[in-house]
Amino acid sequence: MRTGGRERYLLLWAIDGTLIEANGFRHTMYSRVFDELLGIPFRKVVSAPGFSTIEKIRRTLSFHGVTPTDRLVGLVSDRLVSGYVAARDELADDGQLLPGAVAALRRFAADERFVQTVLTCTLKGIACAKIEAFGLSPLFETSVGAYGDDAFRRVELPDVARRRCELTGRHVPRSGTVVIGDTDEDMRTAKAAGAHAVAVATGRCSPSALWCAGADIVVPDLTDIAPVWDYLEAVGRRSTRSRPVAL
């Protein structure tokens, strides 16, 4: 679909490492939940790259010698969500917005071509608590986002977001879908979904690792998004030229 003769894009933003930095807070929240529910010392969150938070919870419980039954995983999930919601002010104090994040989001939000939302393996309640904590909620359409509640694997999430956008009457093809993130997993997700891969090198991955994972463009941070803007404008021009002309 086009808006005013121009292409429409679905921007799917990662949160942690791309827009905010608050990874230390995750350990705090898991530690509280383990203490409240299990009464055992918490050591670490076990990573599950490419999989939802549900899988991360399962692996973390197993690492601590606890059988990850569906009931217990559900309880931990619910406690994490309610914990993040209750601790939004604490999260804002503990974490920080990354350079240029707010200005970049505002620029895209001001242009009707862009539908701006979230793509994350994190549970929706946690993701929304994070963006609320840093005052970013008005800049996102969270209702069309894709979250760890929606699919087991990250690569499935872009299609979830596209379908939700479609339900609002706004069709965005794969060629108009853009994943913006800071990890190699974000880039691989974009490529697997037929989306454009925009990398922001503010996370744990080096620019070279992001390029190797399939990034279409890599920027050092969000303080200057002109290269991203120019890239998307060029994509739109190519799409327009390739469209058959009705006679």
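The values are calculated or read from the model by the stated rules, or taken from the named source; none is laboratory data. Fair warning: this is a prediction, and the values are worked out from it, not measured in the lab. Because the Cβ atoms are built from the backbone with ideal geometry, glycine has one as well, and the counts that use them run over all protein chains shown.
Can you pull out the residues in the stretch 20-47 that are aliphatic (A, V, I, L, M) and touching a Ser or Thr at 6+ places or on another chain (Cβ under 9 Å)? The answer is VAL45, VAL46. Selection within the stretch 20-45: residues that are of a type in the set (Val, Ile, Thr) and in a helix (DSSP H, G or I). The member of this set that is surrounded by the most Cβ atoms within 10 Å (Cβ to Cβ) is VAL33. Counting only residues that are surrounded by fewer than 17 Cβ atoms within 10 Å (Cβ to Cβ) and among the basic types (Lys, Arg), which one in the stretch 65-97 is farthest from THR53 (Cα to Cα)? Within the stretch 65-97, the match that is farthest from THR53 (Cα to Cα) is ARG88. Residues that are among the hydrophobic types (A, V, I, L, M, F, W, C), under 22 Å from VAL235 (Cα atoms) and modelled with pLDDT under 95 are absent from the stretch 143-152. Restricted to the stretch 165-180, and to residues there that are surrounded by 18 or more Cβ atoms within 10 Å (Cβ to Cβ) and either over 13 Å from the mean Cα position of the chain (by Cα) or at pLDDT below 95 (or both), the residue that is nearest to LYS124 (Cα to Cα) is CYS165.
For the stretch 46-64, the set of residues classified as surrounded by fewer than 18 Cβ atoms within 10 Å (Cβ to Cβ) and either assigned by TED's automatic domain parsing to the domain that holds LEU157 or basic (Lys, Arg) (or both) consists of ARG59 only.
The residues of the stretch 209-237 that are part of a helix (DSSP H, G or I) and either among the acidic types (Asp, Glu) or in contact with a Cys (Cβ under 7 Å, 6 or more places away or on another chain) (or both), listed by number, are ASP230, GLU233. Would you check if there is a residue in the stretch 151-169 being in a loop (DSSP other than H, G, I, E, B), more than 30 Å from SER82 (Cα to Cα) and not polar (S, T, N, Q)? Checked against the condition, which is being in a loop (DSSP other than H, G, I, E, B), more than 30 Å from SER82 (Cα to Cα) and not polar (S, T, N, Q), the stretch 151-169 yields at least one hit.
Taken residue by residue, the stretch 101-119 has at least one member that is among the hydrophobic types (A, V, I, L, M, F, W, C) and either farther than 26 Å from ILE225 by Cα or without any contact (Cβ under 8 Å) to a residue 12 or more places away in the chain (or both). Going through (1) among the charged types (D, E, K, R); (2) within 24 Å of GLU55 (Cβ to Cβ); (3) touching a strand residue (DSSP E or B) at 6+ places or on another chain (Cβ under 6 Å) one by one, GLU141 falls short only on (2).
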